[in-house]
Amino acid sequence: MRTVCGLRPKWASRDEDDNRSKERGRLMQRTYKFRLYPTKGEAENIHFTLERCRLLYNRLLAERIAAYEQSGRSLTYYEQKATLPERKQYIPELKNVHSQVLQQVVERLDIAYQAFFRRVKSGEKAGFPRFKPESRYNSFTYPQSGFSIAGKHLWLSKIGNIRIRLHRQPQGTIKTCTIMIKNGKYYACFSCEVEHGPLPASDKQVGIDLGLSKLMVTSDGERIESPQLLRKSEEKLKRKQREVSRKKRVSNRRRKAVRELARLHEKITNQRRDYAHKQSRRLVNEYGLIAFEDLNIQGMIQNHRLAKSIADSGWNGLVQFVTYKAESAGRRVVQVNPYRTSQRCSNCGEIVKKSLAVRIHQCSCGYIADRDENAAINILQLALQSIS
Ligand SMILES: [Zn+2]
């Protein structure tokens, strides 16, 4: 079987549009690592390529440094990439290395520079890109083409047809292939882009109680809270809201405060959404059946103040994200009537009345549990009843 390699290399994304980042919600980056068993000749070719790449890397770095010392500006990725054909004229050995592998060396150095400048900007301790001794240069990358998997072999341009141990089939589109030597062993790492598709079946089931103080508590007893970051922003939001209400009705200061408030609202909305995405992905990956209380059922929301915090706590986003992710993953989401789920004993069915302040469920049958966990178990049980 031949795996067709992706058309768009990772490192070429700069040449194109920024759609990648938008797609990221649907696409997942995965890396597969396989052991390689090169013959003596193939191993020699790998070492030859590696050494050529290392020398090129150091050479490009030296040229960047020299250019900076002479003219006060560094060379760009494109400027350095454009020198490759000329280099092949005076270093004929470079012709024995796949051309995209050489281009990727230019890219590597550029990434090292970008990382350096990013660290400088953020005030971190910034190590300048270094010359690489043999011990610190252990891989090279085919960023787009020049490799293919056929049966038990990995074909590499300019190197050979190397035996590979494919203990499993890479999923999705293979984007890049990196050859790596570690402790005298040879590996191929494939970076793949996987679209979220159906997941392998899971018979794990979970009920989820959505809470106010905790974001959710599962029937497995797991408690998931809002992240610290979000809580901090929310405190800030409260302060800002008070600030706005203190300002004079029509004033520049008030206008400014309102603008700041709107910006903060947006930031929090984004943070909530990110968090809901992360948690929903985790739930869908793990469970084959996920049960929630139905948020649309009236009566659950007893008073206005509670209703507001429900809307704020990001439940709607969470349930919505779990639902659509579950759909494409072939998983099941069931919503149940939440009536009395927090009062009923999940062990014997008895109704144990308790106010919101009572956090422990304690039943005459002897069952004691966290209030929310008991509710989550009830939610799961109701879901199982409704589908059986
Ligand atoms: Zn009981």
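The values are calculated or read from the model by the stated rules, or taken from the named source; none is laboratory data. Predicted, not measured: the structure shown is a model, and the values here were computed from it. Positions of Cβ are generated from backbone atoms using ideal geometry, with glycine treated the same way; all protein chains shown enter the neighbour counts. Areas reflect the complete protein model, heavy atoms only, side chains present, ligands, DNA and RNA absent. Shrake-Rupley method; radii C 1.70, N 1.55, O 1.52, S 1.80 Å.
Determine which member of the set Val194, Val258, Val206, Val250 is of a type in the set (A, V, I, L, M), assigned to a strand (DSSP E or B) and loosely packed, with under 15 Cβ neighbours inside 10 Å.
Val194
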Could you identify the single residue in Leu318, Leu356, Leu384, Leu306 that is within 29 Å of the chain's Cα centre (by Cα) and either under 23 Å from Gln205 (Cα atoms) or at pLDDT below 90 (or both)? Leu318
Could you please find all residues in the range 319-345 being hydroxyl-bearing (Ser, Thr, Tyr), more than 30 Å from Pro198 (Cα to Cα) and in contact with a strand residue (DSSP E or B) (Cβ under 7 Å, 6 or more places away or on another chain)? Thr341
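Scan Pro85, Pro129 and give me the residue that is part of a helix (DSSP H, G or I) and either open to solvent by 10 Å² or more (accessible area, probe 1.4 Å) or without any contact (Cβ under 8 Å) to a residue 40 or more places away in the chain (or both). Step through it out loud before you land on a result.
Numbers: Pro129 fails: part of a helix (DSSP H, G or I).
Residue meeting the stated conditions: Pro85.
I'd like the full set of residues that are part of a loop (DSSP other than H, G, I, E, B) and either among the aliphatic types (A, V, I, L, M) or at positive phi (or both), limited to the range 163-191. Break it down into steps so the answer makes sense when it comes.
As a first pass, look at the range 163-191 and keep what is part of a loop (DSSP other than H, G, I, E, B): 166-172, 183-184.
Residues satisfying the conditions are Leu166, Gly172, Asn183, Gly184.
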Sort out for me the strands (runs of 3 or more DSSP E) sitting completely within the range 309-388 that have 1 or more residues that are more than 30 Å from His265 (Cα to Cα) and within 16 Å of the ligand (Cβ to nearest atom). 360-362, 368-370
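Would it be correct to say that Gln279 is polar (S, T, N, Q), open to solvent by less than 60 Å² (accessible area, probe 1.4 Å) and not in a loop (DSSP other than H, G, I, E, B)?
yes
Within the range 210-224, how many residues turn out to be open to solvent by 80 Å² or more (accessible area, probe 1.4 Å) and at pLDDT below 85? Steps first, please.
Of the range 210-224, the ones open to solvent by 80 Å² or more (accessible area, probe 1.4 Å) are 212-213, 220, 223.
Next cut, at pLDDT below 85 only: 212-213.
Of the residues in that region, 2 qualify.
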Which one is least open to solvent (accessible area, probe 1.4 Å), of the residues in the range 326-351 that are more than 18 Å from Asp294 (Cα to Cα) and free of Cβ contacts under 8 Å to residues at least 12 places away in the same chain? Gly349
Scan the range 134-162 for residues that are in contact (Cβ under 8 Å) with a residue 24 or more places away in the chain, part of a strand (DSSP E or B) and out of contact with any helix residue (DSSP H, G or I) (no Cβ under 9 Å at 6 or more places or on another chain) and report the count. 5
Mind checking which residues of the range 146-156 are in contact with a Ser or Thr (Cβ under 8 Å, 6 or more places away or on another chain) and not aliphatic (A, V, I, L, M)? Gly146, Phe147, Ser148, Trp155
Count, please, the residues in the range 207-233 that happen to be in contact (Cβ under 8 Å) with a residue 60 or more places away in the chain and either more than 30 Å from Asn347 (Cα to Cα) or of a type in the set (A, V, I, L, M) (or both). 6
Please verify whether the range 31-41 includes one or more residues that are exposed (fewer than 14 other Cβ atoms within 10 Å of the Cβ), modelled with pLDDT of 95 or more and in a helix (DSSP H, G or I). yes
